[in-house]
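Written out below as structure tokens is the structure these notes cover.
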Amino acid sequence: MHAIVCEAFGPINQLKLQEVPDPVLKSSDVIIDVGAASVNFPDALIVQGLYQNKPPFPFSPGHELAGIISEVGADVLGFKVGDRVVAIPGIGGFAEKVMVNGSRVFPLTPKMSMEEGAALALTYGTSLHALQNIAKLQRGETLLVLGASGGVGAAAIELGKIMGAKVIAAASTQEKLEFCKNLGADILLNYDTDDLKTVVKEATLGKGCDVVYDAVGGKYSEPAMRSLGWRGRFLVVGFAAGEIPKIPLNLALLSERSILGVFWGDWVRRNPEGHLQNMELLTGWFESKALKPVISARFDLEHTVQAIEHLASRKAMGKVVVNINPHIQ
Ligand SMILES: NC(=O)c1ccc[n+]([C@@H]2O[C@H](COP(=O)([O-])OP(=O)(O)OC[C@H]3O[C@@H](n4cnc5c(N)ncnc54)[C@H](OP(=O)(O)O)[C@@H]3O)[C@@H](O)[C@H]2O)c1
């Protein structure tokens, strides 16, 4: 089979398309013929050695995908050859075949395309876990999303609206803000040119927002923390800007704000039941047309480097998908 291979940590463009042996089935796993895989920020980090997980070489990046099961291990229950599925192997997605533990596979609803399935689990899963399980976002509350046009940010806008919140979307360009508006954001904020605290104050009649969803970090986090009202919750989701901010803790003391960490991948491992429930919720919302992954850029397997670079260079909006085998539908 063909796969994108990382043989040493380094720049994204050192990844190569290679002929590699097919995976050999383990009893706890399934083998999936991959239709599409989507790009996520951790894919850019993992090949550079900048991610918390450092797999042994050689490995293929690719955190999440959709495809059709071609082999089922003896210990795997609930799946059969021919099933259309979504999977979150963590690595290995940018390849024609991938072997995944049965616990990390979920049925793909017939109404969902391979591209949409590949774009569902990680970003929507993270944002649903953050907003519902961690922040306990309530109907009528105000949610400020930083990096709102990116993968997890766009999902947070859609889910925030489904959960009945007023959503303030913060991003760096007019084009990105238009994208957020089309996803349902109520208020748009350019965090490179507008005064964040003033915009949030006006939007909340001086009260401050209830929840901040921060997938960006860097210079954006502290003003966002300051824009939170009484007992506001600050969700630490990621540091796409590269810098991990150091927030003065008096900002938590004043107004009794909470700083809450979000680590979806670890939560999925610790709470597989909760993860399945969230995936079922997401599938239900997709079927009722309440949400729909927006795929703004598509690449083929040979151009996976360009796909990952597209996201890493701050150009992506919504999801970037690599169509591995378009015949698999
Ligand atoms: N905690 C978890 O469980 C979890 C799960 C998934 C992802 N994450 C993390 O969440 C973050 C976002 O992931 P994503 O997949 O949504 O990425 P993405 O699609 O690339 O979005 C990131 C956003 O960050 C903003 N940004 C600001 N400075 C940037 C810079 N220097 N380089 C790149 N982007 C920059 C960009 O928007 P503007 O141009 O508008 O600023 C961009 O839209 C990453 O740090 C990722 O590791 C965490």
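The values are calculated or read from the model by the stated rules, or taken from the named source; none is laboratory data. Being a predicted model, the structure only gives us computed values, none of them experimental. Using ideal geometry, Cβ is built from the backbone for each residue, glycine included, and neighbour counts are taken over all protein chains shown.
May I ask you to list the residues in region 294-317 that are over 22 Å from residue 92 (Cα atoms) and crowded, with 19+ Cβ neighbours inside 10 Å?
Matches in region 294-317: 317 only.
Residues in region 214-231: is at least one in contact (Cβ under 8 Å) with a residue 40 or more places away in the chain and at positive phi?
no
Taking only region 208-243 into account, find how many residues are touching a Gly at 6+ places or on another chain (Cβ under 8 Å), more than 10 Å from the ligand (Cβ to nearest atom) and not in a strand (DSSP E or B).
2
Name the residues in region 151-177 that are within 12 Å of the ligand (Cβ to nearest atom) and either among the hydroxyl-bearing types (Ser, Thr, Tyr) or surrounded by fewer than 18 Cβ atoms within 10 Å (Cβ to Cβ) (or both), would you?
Taking region 151-177 and keeping what is within 12 Å of the ligand (Cβ to nearest atom), we get 151-157, 169-177.
Answer for region 151-177, where residues must be within 12 Å of the ligand (Cβ to nearest atom) and either among the hydroxyl-bearing types (Ser, Thr, Tyr) or surrounded by fewer than 18 Cβ atoms within 10 Å (Cβ to Cβ) (or both): 172, 173, 174, 175.
Okay, residues lined up against (1) closer than 25 Å to residue 82 by Cα; (2) touching a strand residue (DSSP E or B) at 6+ places or on another chain (Cβ under 9 Å):
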residue: 274; (1), (2): no, no
residue: 282; (1), (2): yes, no
residue: 286; (1), (2): yes, no
residue: 297; (1), (2): no, yes
residue: 311; (1), (2): no, yes
residue: 316; (1), (2): no, yes
residue: 319; (1), (2): no, yes
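List the number of the failed condition for residue 254; all other conditions in (1) at pLDDT below 95; (2) touching a Ser or Thr at 6+ places or on another chain (Cβ under 6 Å) hold.
(2)
Would you mention how many residues in region 78-107 are outside any strand (DSSP E or B) and of a type in the set (Lys, Arg)?
Matching residues across region 78-107 total 2.
Quick one: in region 84-112, of everything that is more than 26 Å from residue 54 (Cβ to Cβ) and either in contact with a Cys (Cβ under 7 Å, 6 or more places away or on another chain) or not hydrophobic (A, V, I, L, M, F, W, C) (or both), which residue is surrounded by the most Cβ atoms within 10 Å (Cβ to Cβ)?
My answer is 84.
Step by step: first the residues of region 195-207, then only those that are outside any loop (DSSP other than H, G, I, E, B) and either touching a residue at least 24 places away in the same chain (Cβ under 8 Å) or touching a strand residue (DSSP E or B) at 6+ places or on another chain (Cβ under 7 Å) (or both), then the one that is surrounded by the most Cβ atoms within 10 Å (Cβ to Cβ). Which residue is that?
The selected residue is 200.
If the requirement is being within 15 Å of the ligand (Cβ to nearest atom) and either over 22 Å from residue 266 (Cβ atoms) or modelled with pLDDT of 95 or more (or both), which of these qualifies: 93, 102, 117?
93
Considering each of 253, 301 in turn, give the residue that is more than 12 Å from the ligand (Cβ to nearest atom) and touching a residue at least 12 places away in the same chain (Cβ under 8 Å).
301
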